[in-house]
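Scroll down for the structure; my scribbles are underneath it.
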Amino acid sequence: KLFKEANVLYWARALLTFSYEYIDHCISNSSEPPPFHIPRLRFVEAGLALSHDQVQPGQKSKSTIRMPRAGYLVEELITDNFLKYIHNMDCNPMLDPYEVGYEIAEFLACTQHIQYAKTGGLAFISDYQGRSEILSDPQVLTHPYDADVFGGGNIERAVSAFKQKHNCNDYCKWSG
């Protein structure tokens, strides 16, 4: 399970980077800057730590291969309160327009739109949550034939319903 969580974080980071590259391309090809602030967000730094059994002094090991005894997904600490921007069952902001974080949630909905469109409807990040510029614990939603790659949070019907349920916002309209 930890390997899948680390894999999801790895792919979510790649998809978010891809979204920013597309946005930066749009900015560089535009005659005017966007009429709004582009938030610069990132996923937590994380790694998989494995603990192995030790061979006691004086004991002979039958094998040089030692199986992990325990595994941990280690992430940087986020000290602020979390905000849930977008749930993995929906492709629109969870926050209302008057709530703190709504602009970030709208921007993240745009990144979903970019990811969905540029992967041909195959994948996008969902379950966006975090605080300030740091995001954590994402889900990568994919087409049903890739469902097992990203674990139990991969909800196929959310991918199938994206076109019908996504509401384009100002970020989406600006980026094309």
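The values are calculated or read from the model by the stated rules, or taken from the named source; none is laboratory data. Worth saying up front: this structure is predicted, and the values here are computed from it rather than measured. Methodologically, a virtual Cβ is constructed for each residue, glycine included, from the backbone with ideal geometry; neighbour enumeration extends over all protein chains shown. All accessible areas refer to the heavy atoms of the entire protein, side chains included, with ligands and DNA or RNA removed. Shrake-Rupley method; radii C 1.70, N 1.55, O 1.52, S 1.80 Å.
Here are the numbers for this structure:
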read-out: Tabulated pairs, the stretch 94-122, first hydroxyl-bearing (Ser, Thr, Tyr), second in a helix (DSSP H, G or I), C-beta under 6 angstrom, 6+ apart or interchain; value: Thr111/Ser19; Tyr116/Phe162
read-out: Pairs with Cβ under 9 Å, 6+ apart, first in the stretch 20-39 and at negative phi and in a loop (DSSP other than H, G, I, E, B), second surrounded by 12 or more Cβ atoms within 10 Å (Cβ to Cβ) and hydroxyl-bearing (Ser, Thr, Tyr); value: Pro34/Tyr171; Pro34/Ser175; Phe36/Tyr171; Ile38/Tyr20; Ile38/Tyr171
read-out: Qualifying residues in the stretch 160-176 (those that are in a helix (DSSP H, G or I) and under 19 Å from the mean Cα position of the chain (by Cα)) - the one surrounded by the most Cβ atoms within 10 Å (Cβ to Cβ); value: Tyr171
read-out: Scan of the stretch 99-134 for residues that are of a type in the set (A, V, I, L, M), over 17 Å from Arg157 (Cα atoms) and open to solvent by 60 Å² or more (accessible area, probe 1.4 Å), ordered by number; value: Val100
read-out: Criterion violated by Ala109 - all others in (1) closer than 21 Å to Ala46 by Cα; (2) modelled with pLDDT of 95 or more; (3) of a type in the set (A, V, I, L, M) satisfied; value: (1)
read-out: Pairs, first open to solvent by 70 Å² or more (accessible area, probe 1.4 Å) in the stretch 1-19, second at pLDDT 85 or above and not small (Gly, Ala, Ser), C-beta under 6 Å, six or more apart; value: Glu5/Leu73; Trp11/Val140; Arg13/Phe43
read-out: Filter result (open to solvent by 80 Å² or more (accessible area, probe 1.4 Å) and within 27 Å of Ser51 (Cα to Cα)) within the stretch 76-85; value: Leu77, Thr79
read-out: Test for Asp96: is it open to solvent by 40 Å² or more (accessible area, probe 1.4 Å) and in contact with a helix residue (DSSP H, G or I) (Cβ under 7 Å, 6 or more places away or on another chain); value: yes
read-out: Candidate set from the stretch 135-151 (those that are at pLDDT 85 or above and not in a strand (DSSP E or B)); member that is most open to solvent (accessible area, probe 1.4 Å); value: Asp137
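Table: residues versus (1) over 17 Å from Ser132 (Cβ atoms); (2) of a type in the set (Lys, Arg).
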site: Lys4; (1), (2): yes, yes
site: Trp11; (1), (2): yes, no
site: Ala14; (1), (2): yes, no
site: Thr17; (1), (2): yes, no
site: Cys26; (1), (2): yes, no
site: Pro34; (1), (2): yes, no
site: Pro39; (1), (2): no, no
site: Ala49; (1), (2): yes, no
